[in-house]
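Presented below is the structure to which this report refers.
Please treat every number below as a calculation from the coordinates, not as lab data. Nothing here was measured: the structure is a model prediction, and the numbers come from that model.
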Amino acid sequence: MYQRIFVPVDDSETSNLALAEACKLAKEVGASVRLVHVVDLAQFGWGGTEFLDASELQKSIKHAGEQVLSQAEERARMQGLVPETKILESWGDKIATVLLDDARDWKADLVVMGTHGWSGLMHLLMGSVAEGLLKKATVPVLLIRNPEES
């Protein structure tokens, strides 16, 4: 059975539903849980921001990511778990690749994450981290949808 459950989190209700499902499963099977949040720092890492302090913006982005991760950690603790947490940084990489690299390095045997289930124009514009991860994952992936986003 699963022993290392990897859970990417963001600040969405769909992510919270996935976290709750991962926590239930982890408690049931006695698995370790790793919560991760990706911050994309590339958007402020190069020129074009003459009127902005790029390093301060990057600090703010990391701080916001740490808050998201801290809230997810608290939710997991309320379920009786003591999760590992980690902020992952992207410098323009595909988020799915950043997640998969960390899941592999941590030796995850299951990924649990939310998916918004976008289609059509929203999918074209926004892409899908879940879809990108699912296409390249070498371990099982449990995708959780928010029924209210249908």
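Quick look at the numbers
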| read-out | value |
| --- | --- |
| Karplus (6.51, -1.76, 1.60) ³J(HN,Hα), θ = phi - 60°, over region 107-114, in Hz, Gly and Pro reported as x | 6, 5, 10, 7, 10, 10, 8, x |
| 5 angstrom amide H check on LEU110, placed H, neighbours 5+ away | ARG4, PHE6 |
| Cross-link table LYS59/LYS107; LYS59/LYS94; LYS94/LYS135; LYS59/LYS86; LYS27/LYS62, entries beyond 18 Å C-alpha to C-alpha | LYS59/LYS107; LYS59/LYS94; LYS27/LYS62 |
| Nonlocal amide H pairs with ILE144, under 5 Å, H built at 1.01 Å | MET113, GLY114, THR115 |
